[in-house]
Amino acid sequence: MPDQNQPDAIALLKADHRKVEDLFAEFEAAKGAARKLTLVRQVCTELSAHTVIEEEIFCPACRGQVEDGLLNEGYVEHDGGKVLIAELLASAPNEELYDAKVKVLSEQIEHHVHEEERRSDGIFSQARAAGLDMDELGNRLKTRKEAILAEYKTSGIPAPETRTFTGHTLEQGKPVGENSGAG
């Protein structure tokens, strides 16, 4: 029998979405580097943990039940977010592109959430229609997320592991704003 106080998988994931949306809204209104840094660290912590539980538990459970294209897009969107999270964790609010990186991450997450939560054909509606056991998934997601957050508290957020960005070596060019030598 499901625990009536325990959110199912979709309710848990949607609650994560609302929390991150609220943090991004707080960032938009924030004044001062210390407050921005605190909010960004919270955003990065929440998004990193959320991504892990989706990739380890929710998405594999959906494979074969939800359109592959949507799931594949979700993995790529996660990897794009991971790159920005790594950038933000390695930078500071006084750096020139910090606010822009937060804004782009916010926009990427907004798009990703829309893809998951679309009423008629989003990932969540397809998963529910497929008859997945959302209570059991919710228990697994909650337990894993608690473990991840405890790990982050003691060890920090680990470097992101991308699953879809492969087969290349990135070279870092001159930072934006530096003279490129063109004239």
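The values are calculated or read from the model by the stated rules, or taken from the named source; none is laboratory data. Everything quoted here is computed from the prediction, not taken from an experiment. When we count neighbours, we look across all protein chains shown, and the Cβ atoms used for this are built from the backbone with ideal geometry, even at glycine.
What helices (runs of 4 or more DSSP H) lie completely within segment 1-72 and have 2 or more residues being closer than 14 Å to Lys103 by Cα? Spell out how you get there, then give the answer.
Numbers: elements: 9-29, 33-53, 59-62.
Here the list reads 9-29, 33-53.
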Determine if segment 40-47 includes at least one residue that is at pLDDT 95 or above, hydrophobic (A, V, I, L, M, F, W, C), in contact with a helix residue (DSSP H, G or I) (Cβ under 7 Å, 6 or more places away or on another chain) and over 22 Å from Arg144 (Cα atoms).
yes
Hits in segment 84-105 (condition: small (Gly, Ala, Ser) and in a helix (DSSP H, G or I))
Ala86, Ala100
Among Ser48, Ser91, which is the only one that is out of contact with any Leu (no Cβ under 7 Å at 6 or more places or on another chain) and surrounded by 17 or more Cβ atoms within 10 Å (Cβ to Cβ)?
Ser48
Among the residues of segment 74-88, is there at least one that is surrounded by 13 or more Cβ atoms within 10 Å (Cβ to Cβ), over 22 Å from Thr166 (Cβ atoms) and of a type outside the set (Phe, Trp, Tyr)?
yes
Tell me which residues, restricted to segment 61-117, are among the β-branched types (Val, Ile, Thr), over 21 Å from Leu141 (Cα atoms) and in contact (Cβ under 8 Å) with a residue 40 or more places away in the chain.
Val83, Ile85, Val102
Every listed condition ((1) in a helix (DSSP H, G or I); (2) among the acidic types (Asp, Glu); (3) surrounded by fewer than 18 Cβ atoms within 10 Å (Cβ to Cβ)) holds for Glu116 save (3)
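Looking for whichever is in a helix (DSSP H, G or I), over 16 Å from Phe24 (Cβ atoms) and among the acidic types (Asp, Glu) here; the options are Glu136, Glu77. Which one fits?
Values: Glu77 fails: over 16 Å from Phe24 (Cβ atoms).
Residue meeting the stated conditions: Glu136.
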List the number of the failed condition for Ala129; all other conditions in (1) aliphatic (A, V, I, L, M); (2) in contact (Cβ under 8 Å) with a residue 12 or more places away in the chain; (3) closer than 21 Å to Ala11 by Cβ; (4) surrounded by fewer than 19 Cβ atoms within 10 Å (Cβ to Cβ) hold.
(2)
